[in-house]
Amino acid sequence: MESEDDMHDANDVESGDDDFYSGMDSEGDYDYDYDAADYEFMGNEIDDADEVIDSRGQKSFTILKEEDIQQHQEDDIMRISAVLSVSREVACLLLRHYSWSVNNVHEEWFADEERVREAVGLLEKPVVQNSSAKEVTCGICFDNYPPDRITAAACGHPFCNTCWQAYISTSINDGPGCLMLRCPDPSCSAAVGQDMIDALASEENKEKYRRYLLRSYIEDNRKTKWCPAPGCDYAVEYVVGSGSFDVTCSCSYSFCWNCTEEAHRPVDCETVAKWILKNSAESENMNWILANSKPCPKCKRPIEKNQGCMHMTCTPPCKFEFCWLCLGAWSEHGERTGGFYACNRYEAAKQEGVYDESERRREMAKNSLERYTHYYERWATNQSSRQKALADLHQMQNDHLEKLSEIQCQPESQLKFIIEAWLQIVECRRVLKWTYAYGYYLPEHEHTRRQFFEYLQGEAEAGLERLHQCAEKELQVYLHLEGPSKDFNDFRTKLAGLTSVTRNYFENLVRALENGLSDVDSQGACSKTTSSKNVVGTSKGKGGRVKGFYKAGGSTRNLDDSGNWACDQCTYLNIKSATTCQMCQHRR
């Protein structure tokens, strides 16, 4: 049954859709003064904690180990063999030809069996009839051999075992193309199946062929991909059309199914591709050169001036001496032109507009470079913080958790809230990192949308820093105690609450950015699809109900309808009579 806290303002909600943000004043008009923190980023109203767990537990992918891949592959082969009444080797060739799609094999086979046989190289009758002669001539080396030393594919073309072995060995060593092996006769297209490989190839080549066949099941199948993490041998089977492309392998690496880059929600794959290309392209080098250097008037090599006077000397073999400002020969300069630190000629030419175009280009390049540097540095900083958090997470799992369990006399199962906090920090660092790529490509002319985005991003960063500070710094106190602490349960409540609040905020931030901040248009007006008032997301923490929103500064809007107030520091919802936050002890 819902509590009164869960049912606040129910009569004011005219639609079932929850608002992510609210910028209404008391008269119902929208106010765009972001500095006054009139926008609040809200969570969705969810009353059942189990429902939250279930929704997060639904995965659109399955992790496959090598044994799982082999079993899936064998099941598909046997299914085709049984339905089409063909041998295992023929079923394998059919699936390989149709990229391991059972449905495609069925459709094509029953639509036109003869055409499929011709395409795959499955002959119903041999082209060359078996000879009853005591000796048979090999079609490659042209030596005569007894029939027991001659082997032929389904076509019947005879070749000696030695030539077959050499042909198969060469094909396998050339790579995965051996899976489409055909008869050595140039005029024949009969397929060579795995049964001949097993009969004629060496053990080493058999193993190579098996690995190629196993890899083809993943690489040619549109539903499966290898995990791109270095050294990982797991594959991922994805349910196409299930929504989010983010998948997490058993090795803990998260990546995008669509582009196989690192998981990058809320940024789309196209933006990620542009960002990665920009980070590695020479364009930024050229921008830096244009913004910070000038070409030598004689040899045109770029020169950077980082100190000293205006008298420049190009490097050998040029050695041309010139004025940095006007780029004229230094032999024409001296006291009459302003000395070593000024140039009258440059000032006069600048007044006449001679240097307007070059200065404009240099200024544009400088501004572009500064803007890119701003976003890239923050992107890279969050990446570094995420790597550090991953290392701290592994250290916590391998060392500190056991130590903390001994100190606090609690089983490790009751300390999982710490691991959950670190996992959330790692995930939030990833999201925050990609918001900077999102911000870089946000159109500059959409001032309201950009301002709103920067506000949401700033609030997300502040909330994450609170969680990171609690998990990293405050936990250290309990790791260095000699015995149990009576304050540890309060720490548990605080960390669990911050984890829940931060998770809710970031989930809603991701959804909002993926929707293109659709509640804010470029003209500076919010397009509200509902007229519901401040719908506040809640999460059931161990210490009470925590409101899923953040504030930028104190405000009476931190009060809910019953008079309870949200802490400005950790956002915990405290009872009306409390003067300090029950979670972080911050004064009201």
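All of the numbers you see were taken from the coordinates with simple rules; none came from a lab. In this text, all values refer to a predicted model and were calculated from it rather than measured experimentally. For neighbour counting, all protein chains shown are included, and Cβ atoms are generated from backbone atoms with ideal geometry for every residue, glycine included.
Note on R149 and T170: with the Förster distance fixed at 22 Å, the Cβ-Cβ geometry gives a FRET efficiency of about 0.65. Averaging 1/r over each pair of different alpha-carbon atoms in the stretch 98-176 and inverting the result gives 14.9 Å, the Kirkwood hydrodynamic radius. Segment T313..T579, full-extension length gain: 88.7 nm, with 0.36 nm per residue of separation and the alpha-carbon distance subtracted. When restricted to Cα atoms, the stretch 132-247 yields an Rg and a Dmax of 19.2, 66 Å, respectively.
Too long at a 31 Å Cα-Cα cut-off: which of K274/K494; K274/K366; K300/K366? Exceeds cut-off: K274/K494.
Among residues other than E406 with Cβ under 14 Å from its Cβ, the summed charge is -3 (Lys and Arg +1, Asp and Glu -1).
Plainly put, the stretch 146-198 has a radius of gyration that is 0.93 times its Kirkwood radius, both from alpha-carbon atoms, as the Rg/Rh ratio. Treating each Cα of the stretch 389-506 as an identical point scatterer and summing with the Debye formula, the log10 of I(q)/I(0) at q = 0.10, 0.13, 0.23 Å⁻¹ comes to -0.37, -0.56, -1.28. Distance between the 7 Å Cα→Cβ label points at S293 and E204: 5.1 nm. Annotation: extensible slack from T260 through C232 equals 8.7 nm (criterion: 0.36 nm per residue apart, minus Cα-Cα distance). The label-point distance for Y441 and E377, in a model that sets each label 7 Å from Cα toward Cβ, rounds to 2.4 nm. Computed from label points 7 Å out along Cα-Cβ, the spacing between Q397 and K223 is 2.9 nm.
Our estimate of slack between E412 and N306, defined as 0.36 nm per intervening residue step minus the Cα-Cα distance, is 32.4 nm.
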